[in-house]
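Worksheet: one structure, shown below.
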Amino acid sequence: MSNDTPSSVDLNNDLGLNDNNLLTTVELDLKNNWYWLPNINVSYFKFYDTSSSILDEEKDISNEKFSSRVSTSLTYSEINTLLYGYLYSGPFELDFGAKFKYINFKSNIQESTSNSQPIEINLNNSLITLPYIALKMDLSSLNTVLKAEASMISVGDTEAMDYGYSINYRAMRNVYFSYGYKYYSWQSSDASDEHQKYDINIQGSYFACKVLF
């Protein structure tokens, strides 16, 4: 994860936040057999991290000077709504559609050795639409589905991408338990400050429970 300001402050290298964590997601899949009607998949995850670090030089964060030990907290969450269709060919399924990514991001940074007020960075209710494609392979004899998926877009100063792969075990007819890896990245400028550029990267393994209707 990083938040690049004109002085190149990095949430990972300068502020000590971890960019590789275990993510927990919840997913609901509404799938039908009518090809003219889109299928709906909704997933949610929330990420929280805190850190304390010592800056090796003075940094400018949102027009405030920081030069010693700082404490940082970060909360990032996504609600992804996917509308998709699919094509079958033997054990393979190709999914394609559009993903609506609803992002909330909040960071709190405070110098620990002074009485300075904390710096709060809030990017709430940001909505991004991305094209989506996925490939699934159904290993029915093992009650397992392998899946690889990707979404990406670049419009103006906003770029978003996510991709991942997973192994999904069919515990019951319509219930799957999944383990996989996901990578999320998102770049955008702060509308209130043309010089403020955000570059968010989150990656890690995840567990998920998916209910299929």
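Only a single item in (1) surrounded by fewer than 18 Cβ atoms within 10 Å (Cβ to Cβ); (2) at pLDDT 75 or above is not met by Asp157, and it is number (2). Considering Lys46, Lys99, Lys31, Lys59, the condition of being modelled with pLDDT of 70 or more, basic (Lys, Arg) and crowded, with 16+ Cβ neighbours inside 10 Å is satisfied by Lys99 alone.
Of the residues examined, Ser205 is not one that is at pLDDT 80 or above, among the polar types (S, T, N, Q) and surrounded by 18 or more Cβ atoms within 10 Å (Cβ to Cβ). If the condition is being within 18 Å of Phe47 (Cβ to Cβ) and either at pLDDT below 80 or crowded, with 19+ Cβ neighbours inside 10 Å (or both), then region 167-186 contributes Gly180, Lys182, Tyr184, Trp186.
Annotation note: Cβ proximity below 9 Å between a residue of region 124-149 that is closer than 30 Å to Tyr76 by Cβ and a residue that is part of a loop (DSSP other than H, G, I, E, B) and not basic (Lys, Arg) (sequence gap 6+ or interchain) occurs for Lys136/Pro91.
The values are calculated or read from the model by the stated rules, or taken from the named source; none is laboratory data. Because the structure is a prediction, the values reported are computed rather than measured. Note that each Cβ is placed from the backbone with ideal geometry, even for glycine, and that neighbours are counted across all protein chains shown.
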